[in-house]
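Heads up, the thing below is written out as structure tokens.
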Amino acid sequence: MSNTKKIVLGAAAALIIALLVVAGVTGGALNTIDCPDCEVDASCETCGGEGAVVGSLWAFLPPIIAIGLALITKEVYSSLFIGITVGGILHSGFSFSGAVDTVVSSGLISAVADSAGIFIFLVELGVIVALINKAGGSAAFGRWAQTHIKTRAGAMFATFILGVLIFVDDYFNCLTVGSVMRPVTDSKKVSRAKLSYLIDATAAPICMIAPISSWAAAVSSYAPEGEGIALFIKAIPYNFYSILTLVFVVCMIFMNVDYGPMKLHEFNAVNNGDLYTSGDKNEVAEIEPCEKGKVIDLIFPIVALIVSCVFGLIYVGGFFEHFDFVKGFSDTDATVGLPWGGLISLVVIVVYLLCRRLVSFKESMDCVPQGFIAMVPAILILTFATGLKNITSLLGAKYFIADIMSGQAAALGSLLPAIIFLVACVLSFATGTSWGTFGILIPIVVAIFPEGSEIMIIGMSACLAGAVCGDHCSPISDTTIMSSAGGQCNHLNHVSTQMPYAITVAAISFVMFLISGFVQNVFICLPLGIVLTVGTLAVIKLISKDKKNA
């Protein structure tokens, strides 16, 4: 660790120790801001009667500290833990025992409970990947790809297409696309940072514009009863960030444009064969593959996984009670349905590989700890990130945002979609959750716009687009973490290389929401947004070329 990193982390740790010492001396007497839900009532569920710093700008201090430290020091675990600790101190009203209880119980233990289903699915997927590698399916697919996918652009575009096709759920998308395409992109010298970006750019954005997805179901649950899916579908054409991200990726691939930190990662991959450039490599022990493996030994497990996960999602959603596919998705819970599907597919895959005599039963069981070990970094980061989200929620970030939006709605007028987009970006970036962001903002958007109006649809789209954008950029977002895991890329490398691309599309989207607030015609706004995206990339390529020549 460099001296700068040591100094920054040391200063942060010293600040926390000082706050805890003060808390121990004062016994929590420094608290001066009351909870908006109570009169410092011991029965209040929001602050537990502690009169915590709830519903103010202070609610954003923990994620700001955590994200800032992570980007400066590149130490993600310690940065997230420091953010959680600061949040615990604020929430407890500077009480030492209250801070410890908040960090452990409301932060970390709740995080494990909230993410248990995803942890199980992560391990299941890690085991499946280990099984496929052991059976030789990945190696066979790599040999096939060497013959049929000739270029780096082809490998990246194939990754993009697979990401678009797996639109059911973002977690499922991230991990499946990464597992399948890693051998292909590695063989074509595509950096792990670029692979992780391609995964992330086709995870949440595609789920947010797919009417049959876990995201559509989540959005529907926050909309007025009976209007959820209809509003979601109407909002799709105005969801500039999601649509323009897909346009951006395709243009970036075929125009061969790279800039920001990604440019160095791609240069090293192409010229030096270094797929990582910096940071830990998230590599697992090499598995000696079976030489009899064929491409079908990768395709069959992936198809089994997809079919089983779709079955698990609609089963949990009650499909077999009402036989309504759309309702099955709208009522599902991905944290339950995906582990269901993963377990079913795991059993099917083991039986298939045993019948093919590619692995023995003992070898298949040896893949269980190997799969778990491969997912340990993702599980740890997800635990700390979810803990930070829980603390931020306890501090009442939603109250602060709701007050601002409700109070300024009338004055903003046609500028409101662009403002909503910015607010959603900031809230989603700070909290690391798209679902929590549109859960807060959708009821406000529905309330402040005329019912059924075009501007209300644009406002809804701005809310959803901003939520995806902030989630896409945030180091503590679960989708961002899953994309790092899927690409087996250092998490902060993925964040730092992806952010310039995401900010570029966000800037274009902001301009389009400004325009659409006045024009309110999707047939004008969407083509204009696509032209702006292509034009922006062309200008960036021209500038990069001029700098290189100079």
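Protein-only accessible surface at a 1.4 angstrom probe places the residues 380, 464 in the order 380, 464, largest first.
Relative intensity of the range 467-510 on a log10 scale, I(q)/I(0) at q = 0.20, 0.31 Å⁻¹, equals -0.57, -1.10, per a Debye sum over C-alpha point scatterers of equal strength in the absence of solvent. Taken along the Cα-to-beta-carbon direction at a fixed 7 Å, the label points for residue 503 and residue 303 span 4.5 nm. Model label points for residue 64 and residue 368, set 7 angstrom from Cα along the Cα-to-Cβ axis, are 4.8 nm apart. Computed on the Cα trace of the range 444-541, the radius of gyration divided by the Kirkwood hydrodynamic radius gives Rg/Rh = 1.06.
Of the whole protein surface, residue 72 contributes about 100 Å² of accessible area at a 1.4 Å probe radius. Compared with the alpha-carbon gap, the fully stretched path from residue 105 to residue 531 is longer by 148.4 nm at 0.36 nm per residue.
Remark: the range 456-543 carries 27 Å² of accessible area per residue (probe radius 1.4 Å; ligands, DNA and RNA excluded).
For the range 147-194, with every protein chain kept in place, what is the accessible area per residue (1.4 Å probe, Å²)? Don't skip to the answer; put the middle values down first.
Working: 1430 Å² over 48 residues.
Here the per-residue accessible area is 30 Å².
For the peptides 101-114, 515-528, the ranking by packing is 101-114, 515-528, with the highest mean count of neighbouring Cβ atoms within 10 Å listed first. Ligands, DNA and RNA left out, the accessible area of the range 436-550 computed with a 1.4 Å probe is 70% carbon and sulfur.
Would you mind pulling out the separation of the Cα centroids of the range 518-547 and the range 443-495, in Å? A separation of 21 Å, based on Cα centres.
At 0.36 nm per residue, minus the direct Cα-Cα distance, what do residue 321 and residue 343 gain on full extension? Give it in nm, one decimal, please.
5.7 nm
Here residue 451 and residue 523 are evaluated by their C-beta separation; at R0 = 25 Å the FRET efficiency comes out at 0.60. Calculated FRET efficiency, residue 543 to residue 333, Cβ-Cβ distance, R0 = 35 Å: about 0.15 to the nearest 0.05.
Please give me the summed charge of the neighbours of residue 242: other residues whose Cβ is under 14 Å from its Cβ, Lys and Arg +1, Asp and Glu -1.
-3
If R0 is 41 Å, the Cβ-Cβ spacing of residue 187 and residue 233 corresponds to a FRET efficiency of close to 0.55.
Under conditions of 20 °C and 1.002 mPa s, the range 122-207 yields 165 µm² s⁻¹ as its translational diffusion coefficient, taking Rh as the Kirkwood radius over Cα pairs in the Stokes-Einstein equation.
Each label was represented as a point 7 Å from its Cα along the Cα-to-Cβ direction; for residue 150 and residue 291 these points are 3.1 nm apart.
For the range 56-143, the normalised intensity computed at q = 0.19 Å⁻¹ comes to -0.89 (log10 of I(q)/I(0), Debye sum over alpha carbons, equal scatterers, no solvent).
The values are calculated or read from the model by the stated rules, or taken from the named source; none is laboratory data. Only a predicted model underlies this, so the values are computations on that prediction, with no experimental measurement involved. So basically every Cβ, Gly included, is an ideal-geometry build from the backbone, and we count neighbours across all protein chains shown. Just so you know, the surface numbers come from the protein's heavy atoms only, side chains and all, with ligands and any DNA or RNA stripped out. Shrake-Rupley method; radii C 1.70, N 1.55, O 1.52, S 1.80 Å.
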